[in-house]
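Student: For reference, the structure I am asking about is given below.
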Amino acid sequence: MAYLDWIDKRLPASEFVQKHVTGYPTPKNLNYLWNFGSLLGTFFVIQVLTGVWLAMYYKPDTALAFDSVQHIMRDVNYGWLMRYLHAIGATGIFFSMYIHMARGLYYGSFKSPRELLWWIGLLIFLAFMAEAFMGYLLPWGQMSFWGATVITNLFSTVPLYGPELTVWIRGDFAIGDATLTRFYSFHTTIFPFAIIGLLVIMHLSALHRVGSNNPDGIEYDKKGPAMVPFSPYFITKDAWFIALALTVFFYFIFFWPDAFIEPVNNEPANPLKTPLHIVPEWYFLSFYAILRSIPDKLGGAIAMGGSIFILFLLPYIDRSAVKSTRYRPIKKILIWVFFIDFILLGYVGMNAPDATSFVGLKMANLGVILTIIYFLFFALLPVLPYLEKPKLPTDRELPKGDQLA
């Protein structure tokens, strides 16, 4: 078409689409776990669109914030829908992200040449955690207020500058109007657009530079027979999977909208009334359990921070030449123990420390055991190459020029 030719002479739009979308070479053996990356991007778009809409009605003022949310829910046309899309969309983002990261752990997507891709992904994870934490304060409910109080108080453990850092983050000596205003500013502008948006672009750029990993952990020739163009093969697979996921998403919105909202958060924030049990959102529970497993506040903060930071070291901790866990019998057992351990940490985090767990132990004691198992997984990874013998595939012919890595 003439107008497309006119654009292409001035802006390589068609070339960009062909290189990064329609013609992007993709391993043909990718399973549905690879669809969670596209699903994560879909939820991010939903969050941005609904967040911009909600910002038109929300009042970042401690005297008006809670009532403005109620106004959105009760008086604004389809305000309830936008609020639930945004609130449950956060759950969709973290569910997709945890599956996306677990897939990377299982199939070795953090190993060479994808170390930088893995690190950028972890930075996106941290940015989303900060974004979700700041957004959780905005409804100005009881759990919002006290959750923010507990988490911001952790910064007081930083040696020398802890108290000053805590006051700077809060904007005052306690969670108040200054905190709400600055959290609203960061949540609606800097983090979603400047930080997360930039990191997502970098993540996709790094992905298209090194190519997608695959379940076999094989580095395929990008022009070899094991590759297919992203469109129409995987774009239709992504579309089907996203449609299925959005069906579940809308089920929660229309039939179970309060599934991920703490009932106590429907009460206005009251600095004089502490909830019996302060719990963060479900996607923070595992790290909250690690924080709580160590009685010392500084030790707990170090353990919680270390549980995330150690993921950055995975490319150097896991020294096996085989990427995919499907060919590593000992690691396959360990990684499933790790996944179950992470889920159980979430179970511990959602219950009071003195409550009795399903195994008869107090939650506090079970949390200590599960925290040890969490870090023990990473401690065992460097010695696994000396203990296990990979079971590489012998019943298939690899395309010429491809090799296991």
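Student: Assess whether residue 161 counts as being modelled with pLDDT under 95 and of a type in the set (Phe, Trp, Tyr). Reasoning before the result, please.
Tutor: Values: modelled with pLDDT under 95: yes; of a type in the set (Phe, Trp, Tyr): yes.
Against the criterion (modelled with pLDDT under 95 and of a type in the set (Phe, Trp, Tyr)), residue 161 qualifies.
Student: Does region 269-285 include one or more residues that are of a type in the set (S, T, N, Q) and surrounded by fewer than 16 Cβ atoms within 10 Å (Cβ to Cβ)? Show your work before the answer.
Tutor: Let us first name the residues in region 269-285 that are of a type in the set (S, T, N, Q), namely 270, 274.
In the following step, the residues that additionally are surrounded by fewer than 16 Cβ atoms within 10 Å (Cβ to Cβ) were identified as 270, 274.
Checked against the condition, which is being of a type in the set (S, T, N, Q) and surrounded by fewer than 16 Cβ atoms within 10 Å (Cβ to Cβ), region 269-285 yields at least one hit.
Student: For region 364-390, give me each residue that is closer than 14 Å to residue 343 by Cα and in contact (Cβ under 8 Å) with a residue 60 or more places away in the chain.
Tutor: 367, 370, 371, 374
Student: Exactly one condition in (1) within 18 Å of residue 118 (Cβ to Cβ); (2) assigned to a loop (DSSP other than H, G, I, E, B) is not met by residue 270; state its number.
Tutor: (1)
Student: Can you give me the number of residues within region 170-187 that are of a type in the set (A, V, I, L, M) and surrounded by fewer than 16 Cβ atoms within 10 Å (Cβ to Cβ)?
Tutor: Of the residues in region 170-187, the ones of a type in the set (A, V, I, L, M) are 174-175, 178, 180.
Still in the list and also surrounded by fewer than 16 Cβ atoms within 10 Å (Cβ to Cβ): 174, 178.
Selection size over region 170-187: 2.
Student: Just to be sure, is residue 121 closer than 21 Å to residue 103 by Cβ and not hydrophobic (A, V, I, L, M, F, W, C)? Even if it seems obvious, please write down each step before you answer.
Tutor: On the way: closer than 21 Å to residue 103 by Cβ: yes; not hydrophobic (A, V, I, L, M, F, W, C): yes.
So residue 121 fits the description; yes.
Student: Further question on the same structure: Any residue in region 335-346 that's charged (D, E, K, R): show its pairings with residues that are modelled with pLDDT of 95 or more at Cβ separation under 7 Å, as long as the two are six or more apart or on different chains.
Tutor: Listed by first residue and then by second, the contacts come to 341/370; 341/373; 341/374.
Student: Go through region 325-357 and report how many residues are touching a Leu at 6+ places or on another chain (Cβ under 9 Å) and either among the hydroxyl-bearing types (Ser, Thr, Tyr) or in a loop (DSSP other than H, G, I, E, B) (or both).
Tutor: Residues that pass the stated criteria total 7.
The values are calculated or read from the model by the stated rules, or taken from the named source; none is laboratory data. All values reported here derive from a predicted model rather than from experimental measurement. Ideal geometry is used to build each Cβ from the backbone, glycine not excepted, and the neighbour counts take in all protein chains shown.
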